[in-house]
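Heads up, the thing below is written out as structure tokens.
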Amino acid sequence: MRQTFSCSRRSNLHCEQPARVASAPALIRLDQQLTTLLKEHISIAVDLIKAAKAGDKANQQQADTKWRLTKKWDDDVRAFDAVYDHILHMSDALADGIVKQFPDKFGGAASPTTAR
């Protein structure tokens with residue numbers, strides 16, 4: 001079960017983060033790793049598409065082989081999972097903050113994330 005942020009009614013900038021949310025430096029490292037992996041994969045994909053469009057079978061095969069060899073599946077999955085989990089926590093915080101600021105718009109009931 002996910003933990004949610006606890007935010008003040010006045011501003012989401014005053015949120016208390018749960019202990020299991022990664023620290024800012026850790027998230028920055030994950031973001032940098034994900035960015036590096038995406039740039040690498042996009043660059044190879046561009047080479048693959050250019051070769052395919054040009055009908056250059058040799059370079060197409062070379063790019064395809066490079067694509068398969070550079071896949072770091074475990075790293076990709078870990079980076080994606082960390083970013084995805086962080087995004088879910090952020091969306092919970094935003095939703096909770098909106099519900100707390102405008103309870104009359106939501107029937108005055110607790111938000112789904114705080115009701116867990």
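The values are calculated or read from the model by the stated rules, or taken from the named source; none is laboratory data. Remember, it's a predicted structure, so these values are computed and weren't measured experimentally. Methodologically, a virtual Cβ is constructed for each residue, glycine included, from the backbone with ideal geometry; neighbour enumeration extends over all protein chains shown.
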*Exactly one of (1) touching a residue at least 40 places away in the same chain (Cβ under 8 Å); (2) surrounded by fewer than 14 Cβ atoms within 10 Å (Cβ to Cβ) is unmet by residue 32. Its number?*
(1)
*Looking for whichever is modelled with pLDDT under 85 and of a type in the set (A, V, I, L, M, F, W, C) here; the options are 94, 48, 88, 34. Which one fits?*
34
*Of the residues in the stretch 68-92, how many are over 17 Å from the mean Cα position of the chain (by Cα) and either in a helix (DSSP H, G or I) or more than 27 Å from residue 26 (Cα to Cα) (or both)?*
3
_Let me spell it out: the conditions are (1) surrounded by 14 or more Cβ atoms within 10 Å (Cβ to Cβ); (2) in contact (Cβ under 8 Å) with a residue 12 or more places away in the chain, and residue 75 meets all of them except one. Which number is the exception?_
(1)
*If a residue has to be under 28 Å from the mean Cα position of the chain (by Cα) and not in a helix (DSSP H, G or I) to count, how many in the stretch 23-67 make the cut?*
1
*asked:* Filter the stretch 37-49 down to the residues that are loosely packed, with under 15 Cβ neighbours inside 10 Å and either farther than 28 Å from residue 79 by Cα or not charged (D, E, K, R) (or both) and list them by number.
replied: 38, 42, 43, 45, 46, 49
